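The values are calculated or read from the model by the stated rules, or taken from the named source; none is laboratory data. Just so you know, these numbers come straight off a predicted model, no measurement behind them. Ideal geometry is used to build each Cβ from the backbone, glycine not excepted, and the neighbour counts take in all protein chains shown. These area figures cover heavy atoms from the full protein model, side chains too; ligands, DNA and RNA do not enter into them. Shrake-Rupley method; radii C 1.70, N 1.55, O 1.52, S 1.80 Å.
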Amino acid sequence: MSLVLNCMNLSKSFGKYNVINNLDFQLFSGQILSILGSSGCGKTTLLRLISGLEELDNGEIYINDKLVSKTGVHERPEKRNIGMVFQNYSLFPHMNVFNNIAFGLKNLDKNDKENRVNEVLEITRLGDFANRYPQELSGGQQQRVAIARTLAPRPTIMLLDEPFSNLDAFTRSAMLTDIQKIIRDSKVSTILVTHDREEAFATSDYLAIMVNGNIEQFDKPDRVVKYPINQDVASLVLNCGFVEGTIKNGVLTTILGNFSFKTMELNNNIENDKKDVNVLIRPEDFNIAYDPNGNFKVLSIEFRGMYSMVQVQSINHGFELKFINNDKDKLWTIGSNVNLIKANTNPLIVYSRN
Amino acid sequence: MYLATSFKKLPPIYISSIVFITITIMLLPFIYLFLRVYDANFEVFDIFFSISYLYIILRSLLLMILVSLITLLLALPLAWINVRTLLPFSNVWAVLLSLPLVIPTYVGAYIYSSILGPKGVLQDVLSFFFGIDTLPDIHGLLGATLVLSLLSFPYLFLILKSSISNIDSTLIESSRLLGYGQFKTFLKIILPQLKPSVIAGTLFVSLYTLSDFGAVSLMRYNTLTWAIYQQYQSIIDRSIISLISLVLVLIAILIIFIESRFRNKSRYYKIGTGTSPKFKKTDLGIWKIPVFIILGSVVFLSLILPLGGLLYWLIRGLFSGEELLFVWKLIYNSLFISILTSIFTVFLSICMAIFLVRYNFILNRYMEIISLAGYVLPGVIVAISLVYFGINFVGVIYQTKTLLIIACIILAFPVALGNSKAVILQINPEIEDSAKLLSKNFLSVIIFILIPMMKSGLIMSLSLVFLLTMKELPATLILGPLGFETLATSIWSSASEAYFARAAAPALSIVILSLFPLILLMKAEDKAEMI
């Protein structure tokens, strides 16, 4: 696998706002990378820097080992061979599907152009729609045209900016599978930007978690979910809560009890010293048990099909936590007093509290 | 957009009656033309088909094509520079480039001929300094084209400015990423997107030129409107006028037909519902100075020169003892007609818009076409047709201001209707329904919910109609009661007899009075854009 994109020390600000801060990452050929972050964290700006639609303040971008962006160096977007699918798909309304897709193939002769368009139409299963105009297509079809148009000129990298945000839930889940297949079949290196964790998990080989203009964690999706490096990352990738705890002599004490723990921080002396920490509580970590004298009260029960999501509140401290529950014969209901019992022997992840 | 989702079976009787009366009034000029042509004897056809009339038609078309082309060549780059480049003071430039709207074409014509014409100011200056005694005569095609282009390009400028700022910037970025440079992107992506507004705006300017009377008459360029007026003044048989008018109407209808053909064929909808990032403005770089020079020249020719000319003649008039008091009476008359016309036109157009938008009748389409009468019919024809109906059927209102106001309503109605329809379309019927559920009486729904929602739209309509009526000339010349003069007619009669100094005060008054509705209009537009 060769390196197709190397972003080194990128910075970009708009006026007073630093949108990207000293950001580094790399992309190898054929990889799908998802960048997950909340709105306004700089994801779209990062894509625009890579595609050349924005100029850098600092840092360097290399595409296939060629320097394309640096202070004073800016290769124009039309020269970079980078494809981008915009959030609103940005299809040309005055051209039919065929011409939209053929638009980027200006260097091919008529026959080659037609062959390539047909090839892409087949990959994206749009063969029957070649003569339709964009506004005659459904949202999902429009999205496939946008991807087909981007793939047609065989870009070095394809960038997808929140590609699923305009689709209804039903189409979105179908498109998630579809798009992943299209990308894998075409073997194009891809960066997908999203604020939705399901989209990010479903499509990617690697996951980058972006917070405030920086990439906080870059790893395989399962590793990020298993070991979120800090509280911000954990909040983004998991439907989790936090409780306060103290570590003394290698034991973690919380109001839920004493537990074994694991720290994500590099300086491990945390285990010996007395230290205040925040403890990551995942929805599957605890079971709920009826107890008239329990320290928690059930606030709500949301039925989710295969399970229920139960929200409980600490009676003495007021904080709230969410847990998955599958117990059909449960004795408690909304308003009941309950206690929480650890459901497994996994150590809890802790983050030092500043 | 909210179309008739909650169809009621029948509109209230008062709305239907108002709409019926409005449509009847709009039909009058058409009925008149057909009656006249139907009655015409064959000799009239012989005269009509003589070379001279054919020549006049060609002259009108030539002027129309020239003005449309020049306004497009001026407005498109100016609007582009204004919206998509980092032009310093772009808002100030936008206002300066829109301001020529308040200068009526006959004022422009009078000022240009008094400055650039034979024995004009320019010639005086040139002969004083350089001894040049003769200048090419500005009257005729040259003068008419110059005046109409410089004073009507702001319409196209405003239309294009708004559609350029509405272009989805990701379309441009997609084209760049697919390997096209800036120039090719402009040709292949931007221009096709602008096509509908270019066509609609050019259509407006062509019809405006075709129906112009003030500039062509003062520039002595004989077109169809000028021919109709001369015929009206000189002969009793009106059939020939009707024939010429019919030709004019047919040309106008043909242009509208061509426009709608173009519009139906092309597709320009915005696709997808997502937001697109705010577009990046281009740095002008070394072009900054040439752009400033071009913008400055256009503003100088279309705004500063006419206004400066007016001030010059005003001061010169004052020194030679010109009276100013008569202007008050003219201002009163102009305001009287313009205010009443604005109120009636907007009221009628709102009723018609409610009818067209909320009730789905087969006849709606045709009613809308008939309402466009004022768009295709020049003021001269509307006025002459009302004279006919006034004399023959309702003698009481002939030679009264009522008939004049009716003519002004017909002429301003299309503009008001377009605006009112947009206003009604924006009001979701569900808002009306939920307001009704919350409140007991419908009157309070109108006062507290609907009117505040329609406020900026109504202000836009009132301002537009006021602006148009203030400048209206031929209908007032023909229909005004004996001795009734407005600012417009007074300017025209003074200027056509070369009493330039006497025309200056009323002309300046018309410009100043038109500024107020223009400011309201621009504010209302800003508000509408924010919503």
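In table form, for the structure just shown:
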| quantity | calculated |
| --- | --- |
| Subset of the range B:314-341 (residues that are of a type in the set (Gly, Ala, Ser) and either in a helix (DSSP H, G or I) or under 24 Å from the mean Cα position of the chain (by Cα) (or both)) | B:Gly317, B:Ser334, B:Ser338 |
| Qualifying positions in the range A:134-147 - surrounded by fewer than 24 Cβ atoms within 10 Å (Cβ to Cβ) and of a type in the set (A, V, I, L, M) | A:Leu137 |
| Failed item in (1) open to solvent by 20 Å² or more (accessible area, probe 1.4 Å); (2) not assigned by TED's automatic domain parsing to the domain that holds A:Gly30, with A:Asp196 passing the rest | (2) |
| Residue match in the range A:172-189 (condition: in a strand (DSSP E or B), away from chain B (no Cβ under 13 Å) and either in contact with a Gly (Cβ under 9 Å, 6 or more places away or on another chain) or crowded, with 19+ Cβ neighbours inside 10 Å (or both)) | yes |
| Matching entry among B:Ser175, B:Ser245 (being modelled with pLDDT of 90 or more, open to solvent by less than 10 Å² (accessible area, probe 1.4 Å) and either over 15 Å from B:Ile65 (Cα atoms) or within 14 Å of chain A (Cβ to nearest Cβ) (or both)) | B:Ser175 |
| Residue within the range B:145-165 that is modelled with pLDDT under 90, outside any helix (DSSP H, G or I) and not aliphatic (A, V, I, L, M) present | no |
| Wholly within the range A:288-327, strands (runs of 3 or more DSSP E) carrying at least 2 residues that are surrounded by fewer than 16 Cβ atoms within 10 Å (Cβ to Cβ) and of a type in the set (Asp, Glu) | none |
| B:Ser385 surrounded by 23 or more Cβ atoms within 10 Å (Cβ to Cβ) and farther than 22 Å from B:Gln426 by Cα | yes |
| Residue match in the range B:117-138 (condition: closer than 30 Å to B:Ser463 by Cβ and either in a helix (DSSP H, G or I) or touching a residue at least 60 places away in the same chain (Cβ under 8 Å) (or both)) | no |
| Considering residues of the range A:4-42 that are touching a Gly at 6+ places or on another chain (Cβ under 7 Å), in a strand (DSSP E or B) and not hydrophobic (A, V, I, L, M, F, W, C) only, the residue most open to solvent (accessible area, probe 1.4 Å) | A:Asn18 |
| Positions within the range B:273-321 being within 27 Å of B:Ser165 (Cα to Cα), among the basic types (Lys, Arg) and at pLDDT 80 or above, in sequence order | B:Lys281, B:Lys288 |
| Flag if B:Phe344 is open to solvent by 40 Å² or more (accessible area, probe 1.4 Å), modelled with pLDDT of 85 or more and within 25 Å of the chain's Cα centre (by Cα) | yes |
| Filter pass, A:Leu10 being more than 14 Å from chain B (Cβ to nearest Cβ), farther than 17 Å from A:Ile191 by Cα and without any contact (Cβ under 8 Å) to a residue 60 or more places away in the chain | no |
| Segments classed as strands (runs of 3 or more DSSP E), wholly inside the range A:43-151, with at least 2 members that are more than 8 Å from every other protein chain (Cβ to nearest Cβ) and free of Cβ contacts under 8 Å to residues at least 40 places away in the same chain | A:66-70 |
| Residue that is farthest from the chain's Cα centre (by Cα) [pool: residues in the range B:394-423 that are closer than 13 Å to B:Leu356 by Cβ and without any contact (Cβ under 8 Å) to a residue 40 or more places away in the chain] | B:Ala422 |
| Options B:Pro88, B:Pro77: the member that is part of a loop (DSSP other than H, G, I, E, B) and open to solvent by 20 Å² or more (accessible area, probe 1.4 Å) | B:Pro88 |
| Among residues of the range A:197-239, those that are touching a residue at least 24 places away in the same chain (Cβ under 8 Å) and in a loop (DSSP other than H, G, I, E, B), counted | 10 |
| Whichever residue in the range B:475-506 is of a type outside the set (A, V, I, L, M) and not in a helix (DSSP H, G or I) and, among such residues, is nearest to B:Gly120 (Cα to Cα) | B:Tyr499 |
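Yes/no matrix, rows are residues, columns are (1) buried (at least 23 other Cβ atoms within 10 Å of the Cβ); (2) among the acidic types (Asp, Glu); (3) away from chain A (no Cβ under 14 Å); (4) out of contact with any strand residue (DSSP E or B) (no Cβ under 8 Å at 6 or more places or on another chain):
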position: B:Ser98; (1), (2), (3), (4): no, no, yes, yes
position: B:Ala109; (1), (2), (3), (4): yes, no, yes, yes
position: B:Val125; (1), (2), (3), (4): no, no, yes, yes
position: B:Phe129; (1), (2), (3), (4): no, no, yes, yes
position: B:Ile132; (1), (2), (3), (4): no, no, yes, yes
position: B:Ile138; (1), (2), (3), (4): no, no, yes, yes
position: B:Asn166; (1), (2), (3), (4): no, no, no, yes
position: B:Phe183; (1), (2), (3), (4): no, no, no, yes
